[in-house]
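S.K.: Take a look at the following structure, please.
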């Protein structure tokens, strides 16, 4: 009778010995209020937003859970956080399916029944249908046979309860890589005056920048007290009325502006800053016969506050910018720039 009992029990264990991973039917769903709350894991390498999938586990111990592998198609990026009793899988929200595998268990593929949304939370339950491994099965059978040979049939055999799983350490959150960028800029203002310069900055999700622009003219910045402000038409009328007069015109454009740059959405960043700026057109009129200066005149002249608002896009390593700047809100200019981004790619 004991031999027959051992045989029946062995057959029952053998039927359940093969490990099989599967997603519990009906367990996949969107979780209200559970969103991608990790500020360091928001987008994939192509700046496409992640969705976060909470994978709960049943009949899978802590060691097996940390050895689970998650894969998608070629367009799907995946990052994982292994927590107590579950795994948080950050994956490109456009993913159509997820393959879950383990070196000692099996693998399963789960096709998402509906399209996920960016920065939304979902969950499913992963189940290991096997009750024990093959080694555990043989060990149980050996112990059972020894116990039945040495004890009366009526004696109960107790199975030792497994030890409680230790609480894993909280994984350290990775920091986003630091980016340093530089662009070469070209501008034109409301008086059709051009300037050139550069912008340098550094950022993660946010950072700082400084930009310098000039047309290369720095002379006669201190003669403003001699100027008589008048429009270009009046200056030209004076020259026309005095054939012996000649004019020397000089454009001055210079600005140094610093500020903040921060990510808005995907590869798009916004810039805002302030500093010092100067814009002027001055004219010196003189008589060609005695070289005597008769007039210092200015069509426009403004010095002081310089402000800037702009956007820039990181297209891989290439940086493209479009900015609007002003000097004392009386002279305005548009700026375009193109440059390069250094540092580890996100």
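S.K.: Take the conditions touching a strand residue (DSSP E or B) at 6+ places or on another chain (Cβ under 6 Å), assigned by TED's automatic domain parsing to the domain that holds residue 114 and in contact (Cβ under 8 Å) with a residue 40 or more places away in the chain and apply them to residue 93. Does it pass?
M.R.: Working: touching a strand residue (DSSP E or B) at 6+ places or on another chain (Cβ under 6 Å): yes; assigned by TED's automatic domain parsing to the domain that holds residue 114: yes; in contact (Cβ under 8 Å) with a residue 40 or more places away in the chain: yes.
Here the answer is yes, as residue 93 does meet what is asked.
S.K.: State the number of residues belonging to the range 83-109 that are surrounded by 18 or more Cβ atoms within 10 Å (Cβ to Cβ) and outside any loop (DSSP other than H, G, I, E, B).
M.R.: 8
S.K.: Let me ask something additional. Of all residues being modelled with pLDDT of 80 or more and loosely packed, with under 15 Cβ neighbours inside 10 Å in the range 23-38, which is farthest from residue 112 (Cα to Cα)? Just the residue, please.
M.R.: Taking the range 23-38 first, the residues modelled with pLDDT of 80 or more are 23-32.
Retained after the next criterion (residues that are loosely packed, with under 15 Cβ neighbours inside 10 Å): 24-26, 29-32.
Numbers: 24: 13, 25: 12, 26: 11, 29: 10, 30: 11, 31: 15, 32: 18 Å.
Looking at residues that are modelled with pLDDT of 80 or more and loosely packed, with under 15 Cβ neighbours inside 10 Å, I get 32.
Residue by residue, here is whether (1) closer than 26 Å to residue 85 by Cβ; (2) modelled with pLDDT of 65 or more holds:
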| position | (1), (2) |
| --- | --- |
| 96 | no, yes |
| 103 | yes, yes |
| 116 | yes, yes |
| 121 | yes, yes |
| 127 | yes, yes |
| 156 | no, no |
| 162 | yes, no |
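S.K.: Could you list, in sequence order, all residues of the range 50-100 that are within 22 Å of residue 40 (Cβ to Cβ) and touching a helix residue (DSSP H, G or I) at 6+ places or on another chain (Cβ under 6 Å)?
M.R.: 82
S.K.: Taking the options 295, 300, name whichever one is out of contact with any helix residue (DSSP H, G or I) (no Cβ under 8 Å at 6 or more places or on another chain), modelled with pLDDT under 90 and over 17 Å from residue 334 (Cα atoms). Walk me through it before giving the result.
M.R.: Numbers: 295 fails: out of contact with any helix residue (DSSP H, G or I) (no Cβ under 8 Å at 6 or more places or on another chain).
Of the residues listed, the single one that is out of contact with any helix residue (DSSP H, G or I) (no Cβ under 8 Å at 6 or more places or on another chain), modelled with pLDDT under 90 and over 17 Å from residue 334 (Cα atoms) is 300.
S.K.: Moving to a separate point now. Please work out which one of (1) at pLDDT below 90; (2) assigned to a strand (DSSP E or B) is the condition residue 305 fails and give its number.
M.R.: Failed condition: (1).
S.K.: I've got another one for you. Do you know which residues across the range 62-82 are more than 17 Å from residue 24 (Cα to Cα), over 22 Å from the mean Cα position of the chain (by Cα) and outside any strand (DSSP E or B)?
M.R.: 62, 63, 64, 66, 67
S.K.: Go through the range 234-273 and give me each residue that's within 25 Å of residue 329 (Cα to Cα), surrounded by fewer than 18 Cβ atoms within 10 Å (Cβ to Cβ) and modelled with pLDDT under 90.
M.R.: 234, 249, 250
S.K.: Only one of (1) under 24 Å from the mean Cα position of the chain (by Cα); (2) modelled with pLDDT under 90 is not met by residue 58, so which one is it?
M.R.: (1)
The values are calculated or read from the model by the stated rules, or taken from the named source; none is laboratory data. The structure displayed is predicted, hence computed values, not measured ones. Neighbour counts run over all protein chains shown; Cβ positions are idealised from the backbone, glycine included.
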